[in-house]
Every structure is written in structure tokens, then in C-alpha cells.
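Chemist: Before we start, here is the structure in question, set down as C-alpha cells.
The values are calculated or read from the model by the stated rules, or taken from the named source; none is laboratory data. Given the structure is predicted, the values throughout are model-derived calculations rather than measurements. For neighbour counting, all protein chains shown are included, and Cβ atoms are generated from backbone atoms with ideal geometry for every residue, glycine included.
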Amino acid sequence: MTIDHADELSVLQAPQAAVLARQLVESVGNHQRRRATVVLASFRGGYWLRRFIEEPALGAVEPPDRPTAVNWAGVLELLRTPELLDDHRREPGTMGPHLTVLEIAASLAAGHPLDLRRAAMQLSGAEWRDVLLRMESAADFV
């Protein structure tokens, strides 16, 4: 079965991702970090939020036993060693867009340096627009 672009966009709105995002932003007062968590929730059915909760050893959610927030310091550490983020369940060479969205969220939440040109080349047009839309309101709180 092939998934066309319209179906892929509906997956981005997966209810599970929305529930995880709500759970992980509930106690976060910083608006940029809240928006960064929403960016992660909106990408491919909440891939990163689901993975961080399923793999607490990554140290990307806190507390690990009952996550209430993304651990952005842990995410920054993971981005310094991207081989730790390799997902062996995925086809080799397909982590590019996933890592790009994680870098965008880390940039918004914690000031991680980001190459926008490379980021735009990694994401489809629809994904790029979606990420920009999801983080737009954060600009009002800088």
C-alpha cells in the first residue's frame, strides 16, 4: 500500500501525538519550549515524542518513569552524538527529515544552532510549511 501526500498529512494529526504533546507541555511555562514540543508532536504522528517515551534510556523526557516534559538538555546532548538517535527500525538513510525536525525543535526550545538551508532541503514542502506554522506563535514571546 502506498501513502499519498494527503494521507501523510492526516497522519501528522494523529490523536496519540496530540495526547503526548498535551502531556508533555502541561507543566512547561516557557512558550518556546511548549511550541517546540508541538513541533515534535506534529511531525509524522509524533515520532520523536513516542520514541522518547518508548526509549527512556535516551534521556530526552523527564522524569523518565512518568514523563511530564521534554528534557531539552538531554536532546541537545543526543544531537551532539547523532548515532545514538539512529533508529534501526527505519530504512538506512531515512533519518534526515526526522533529525532535521528534532534540530528545529531544539533550536526553538534551547538555542541549538540550525542550518536553515539544509533543513529546508531535508523536509518536503508540506512538512516545511507545517513546521513553520507550528512555531510561528513562538515569535511573539521572544
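Chemist: Among the numbered criteria (1) surrounded by fewer than 20 Cβ atoms within 10 Å (Cβ to Cβ); (2) out of contact with any Gly (no Cβ under 9 Å at 6 or more places or on another chain), which one does GLY74 miss?
Modeler: If we test GLY74 against (1) surrounded by fewer than 20 Cβ atoms within 10 Å (Cβ to Cβ); (2) out of contact with any Gly (no Cβ under 9 Å at 6 or more places or on another chain), just (2) comes out false.
Chemist: May I pose another question? Which of the numbered conditions does HIS31 fail, given that it passes all the others? Conditions: (1) surrounded by fewer than 20 Cβ atoms within 10 Å (Cβ to Cβ); (2) modelled with pLDDT of 90 or more; (3) under 22 Å from ARG129 (Cβ atoms).
Modeler: Here HIS31 clears every test but (2).
Chemist: Oh, and also: Being among the hydrophobic types (A, V, I, L, M, F, W, C) and either farther than 14 Å from LEU24 by Cα or in contact (Cβ under 8 Å) with a residue 40 or more places away in the chain (or both) is the filter here, so list the residues in segment 52-74 that pass it.
Modeler: Just the residues of segment 52-74 that are among the hydrophobic types (A, V, I, L, M, F, W, C), to begin with: 52-53, 57-58, 60-61, 69-70, 72-73.
Selection gives ALA57, LEU58, ALA69, VAL70, ALA73.
Chemist: Can you tell me which residue in segment 86-118 is nearest to PHE43 (Cα to Cα), limited to those that are without any contact (Cβ under 8 Å) to a residue 24 or more places away in the chain and of a type in the set (A, V, I, L, M)?
Modeler: LEU99
Chemist: Going through LEU116, LEU58 one at a time, which residue ends up being among the hydrophobic types (A, V, I, L, M, F, W, C) and either over 23 Å from MET135 (Cα atoms) or in contact with a Cys (Cβ under 7 Å, 6 or more places away or on another chain) (or both)?
Modeler: Details: LEU116 fails: either over 23 Å from MET135 (Cα atoms) or in contact with a Cys (Cβ under 7 Å, 6 or more places away or on another chain) (or both).
The unique qualifying residue is LEU58.
Chemist: If you don't mind, there's one more thing I want to ask. Please work out if VAL39 is surrounded by 21 or more Cβ atoms within 10 Å (Cβ to Cβ) and modelled with pLDDT of 85 or more. Break it down stepwise before answering.
Modeler: Details: surrounded by 21 or more Cβ atoms within 10 Å (Cβ to Cβ): yes; modelled with pLDDT of 85 or more: yes.
Considered against the rule, which asks whether it is surrounded by 21 or more Cβ atoms within 10 Å (Cβ to Cβ) and modelled with pLDDT of 85 or more, VAL39 comes out as yes.
Chemist: Which of the helices (runs of 4 or more DSSP H) found entirely inside segment 39-122 contain at least 1 residues meeting this: more than 11 Å from the chain's Cα centre (by Cα), over 21 Å from SER137 (Cβ atoms) and hydrophobic (A, V, I, L, M, F, W, C)?
Modeler: On the way: elements: 47-54, 72-80, 96-110, 116-122.
Hits in segment 39-122: 47-54, 72-80, 116-122.
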